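Heads up, the thing below is written out as structure tokens.
The values are calculated or read from the model by the stated rules, or taken from the named source; none is laboratory data. Keep in mind that what you see is a predicted model, and the values were worked out from it rather than measured. All Cβ positions, glycine included, derive from the backbone under ideal geometry; neighbour counts span all protein chains shown. Calculation scope for accessible area: heavy atoms of the full protein, side chains included, ligands and nucleic acids excluded. Shrake-Rupley method; radii C 1.70, N 1.55, O 1.52, S 1.80 Å.
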Amino acid sequence: MTFTFISIELQSLRIGASANSTFSGCLRSESSRAFQLPTQLPLASPSLPSSSVSSFALMAEEKKECAFDGEKAAMLVKELRVQFNSGKTRGYDWRIAQLKSISKMVDEREKDIIQALQKDLCKPEFEAFVSEISMIKSSCKLAIQELRHWMKPEKVQTPLTTYPSSAEIVSEPLGVVLVISTWNYPFLLSLDPVIGAIAAGNAVVLKPSEVAPTTSSLLANLLQEYVDNSSVKVIEGAVNETSALLERKWDKIFYTVEGIVMTAAAKHLTPVILELGGKCPTIVDSNINLQVAARRIIAGKWACNNGQTCVAADYVITPKDFAPKLIDALRHELEEFFGKDPMTSKDISSIVNEYHFIRLMKLMEEDGVYDKIVLGGQADVNQLQVTVTHIHLSCSFLLTYFRKIAPTILLDVPDDSHLMTEEIFGPLLPIVTVENVEQSFDLINSKPKPLAAYLFSNNEQLKTKFVNNVSAGGMLVNDTILHLTVPALPFGGVGESGMGCYHGKFSFDSFSQKKSVLYRSFNADSSVRYPPYTSQKLNLLKALMSGSIFRVLLSLIGWSKD
């Protein structure tokens, strides 16, 4: 037996906000050493016999051949089109069965889901349940309750010009749709659009995010076990697999992160739903319940995946004379929530990976930014262990790598800093001060349209001005995040923050074609529409288009107002 064991251990790197004078140098020197893993780990021992090495090469070649590529993607879409064209997914019974199975899956495998989210994101159990599991349960429950009503054709009125007639709008499934999920809410943002696509009667391919590998693997296994795997497929993988999928012609693509999908979709004229995020502003007026406002800002920022949320507050705007009170309130409530040392709190999610950790650290490290920190700034990378075992060419990896950045507040950072020009997507919260709160609108409107915008105020005129003058995908007054939990409200972006919407019936509608149908009788076939055209026919047509029965009667007896 040949046995190879390699172990790499790096001691934790911890950076505190108090080390202003040494921070930049420490980050540049330590991070480069701590974060660069070997590009290739030695998996084969020199003592391996040549036959074993050949076998290893053969296994690698077989794995390469089994990779999901463009050809396999084409076969996948072809198979799903056969299933869809058979009519199976169109029926109410199939749709309701899949929805009930997903609901059952979430109930029965809740512990597995929580464990996967903890492993991928160190997400607290409470947060995992509230922000992911409970929302999927609610989506399933609503769809199951309302599906028959959603599928029912919608009757509409018809004009006199089509009399006698009736008309309706029929919700028709689009066909074969692709859902590409993201990593920050890997369970919710995978299944929520899938629920809508199934409810609408489509065949579905789900591509979970490889950045949350445990949840991705769990979704692949669970959906294969619980739903009709001939019409609902899960494809795992990274860039190559996603690229292979995007090369195909889909009837709709749902994506929650990158605008690059738009380019791939345009080649096939494929409609898309894109949720792209952006810099979500939060205006804080001075005439408010400060404690409640602070708690709700924290709940929508740091208690939601440690700021790694597309609708989290990206920056706060408040009057200059009110800023110290707001900062004190946030400091006090943060200590109540996460303790005096938030780095030791089990209620804060970790930064998802090395790339995003370094990206956030660089945002803080930028010239003119780090000295603006008024709270937080600590960063901690726990011990890293890479273990490689090699037994009969069988390899396994153990990677323990937790990255945390404390809730961090910065005051009046430069407008041209990356912190104020890029979406933060993390636990950093800059506060921008203005002379009066009305100036907030000009600042917000000078930036790309956000996915969400928030206002804390008791001023009714300010609320009205906020709604009428700020363009955003969604708005919430005197709270954050919660508008996502209202199924009767659409969730979607505008401009650079996305296009299309979903949630509740809006998900059903987004994955449906609204087909217009007009029914006519052979009775009462009027000659007015047919040649030869006469002035009398034109007068009658005008009367019909006016909708006035009186004018129609006058026209029929030969009278014309002309």
Over region 445-463, the set of residues of a type in the set (A, V, I, L, M, F, W, C), buried (at least 24 other Cβ atoms within 10 Å of the Cβ) and out of contact with any Phe, Trp or Tyr (no Cβ under 7 Å at 6 or more places or on another chain) is Leu451, Ala452, Ala453, Phe456
Residue hits (region 114-130; surrounded by 23 or more Cβ atoms within 10 Å (Cβ to Cβ) and assigned to a helix (DSSP H, G or I)) are Ala116, Leu117, Asp120, Leu121, Ala128
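With respect to Val179, determine if the residue is within 18 Å of Trp94 (Cα to Cα) and either out of contact with any Gly (no Cβ under 8 Å at 6 or more places or on another chain) or part of a strand (DSSP E or B) (or both).
Working: within 18 Å of Trp94 (Cα to Cα): no; either out of contact with any Gly (no Cβ under 8 Å at 6 or more places or on another chain) or part of a strand (DSSP E or B) (or both): yes.
It is false that Val179 is within 18 Å of Trp94 (Cα to Cα) and either out of contact with any Gly (no Cβ under 8 Å at 6 or more places or on another chain) or part of a strand (DSSP E or B) (or both).
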Taking region 258-312 and keeping only residues that are over 30 Å from Gly175 (Cβ atoms), touching a helix residue (DSSP H, G or I) at 6+ places or on another chain (Cβ under 6 Å), in a loop (DSSP other than H, G, I, E, B) and open to solvent by 10 Å² or more (accessible area, probe 1.4 Å), one is left with Gly278
Based on what the data block shows, is Leu147 in a strand (DSSP E or B) and either under 20 Å from the mean Cα position of the chain (by Cα) or aliphatic (A, V, I, L, M) (or both)? no
**OP:** Can you confirm whether region 171-191 contains a residue that is open to solvent by 40 Å² or more (accessible area, probe 1.4 Å) and either within 23 Å of Ser510 (Cα to Cα) or of a type in the set (Phe, Trp, Tyr) (or both)?
**Re:** yes
Boolean, Ile136 is β-branched (Val, Ile, Thr), in contact (Cβ under 8 Å) with a residue 60 or more places away in the chain and either open to solvent by less than 50 Å² (accessible area, probe 1.4 Å) or assigned to a helix (DSSP H, G or I) (or both): no
In region 151-165, anything in a loop (DSSP other than H, G, I, E, B) and either in contact with an Asp or Glu (Cβ under 7 Å, 6 or more places away or on another chain) or closer than 30 Å to Trp94 by Cβ (or both) is listed as Lys152, Pro153
When every residue in region 470-488 that is over 17 Å from the mean Cα position of the chain (by Cα) and aliphatic (A, V, I, L, M) is compared, the one least open to solvent (accessible area, probe 1.4 Å) is Val470
Expected output for region 173-190 (first residue touching a residue at least 60 places away in the same chain (Cβ under 8 Å) and closer than 17 Å to Ser139 by Cβ, partner of a type in the set (Lys, Arg) and open to solvent by 10 Å² or more (accessible area, probe 1.4 Å), Cβ below 7 Å, 6+ apart or cross-chain) is Val177/Lys252
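Okay, residues lined up against (1) open to solvent by 80 Å² or more (accessible area, probe 1.4 Å); (2) under 30 Å from Lys340 (Cα atoms):
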{"position": "Ala406", "(1), (2)": "no, yes"}
{"position": "Leu419", "(1), (2)": "no, yes"}
{"position": "Ile424", "(1), (2)": "no, yes"}
{"position": "Val437", "(1), (2)": "no, no"}
{"position": "Asn468", "(1), (2)": "yes, no"}
Condition set outside any helix (DSSP H, G or I) and among the hydroxyl-bearing types (Ser, Thr, Tyr), scope region 497-531, selection modelled with the lowest pLDDT: answer is Ser526
Taking region 200-221 and keeping only residues that are of a type in the set (A, V, I, L, M, F, W, C), in a helix (DSSP H, G or I) and buried (at least 21 other Cβ atoms within 10 Å of the Cβ), one is left with Leu218, Leu219
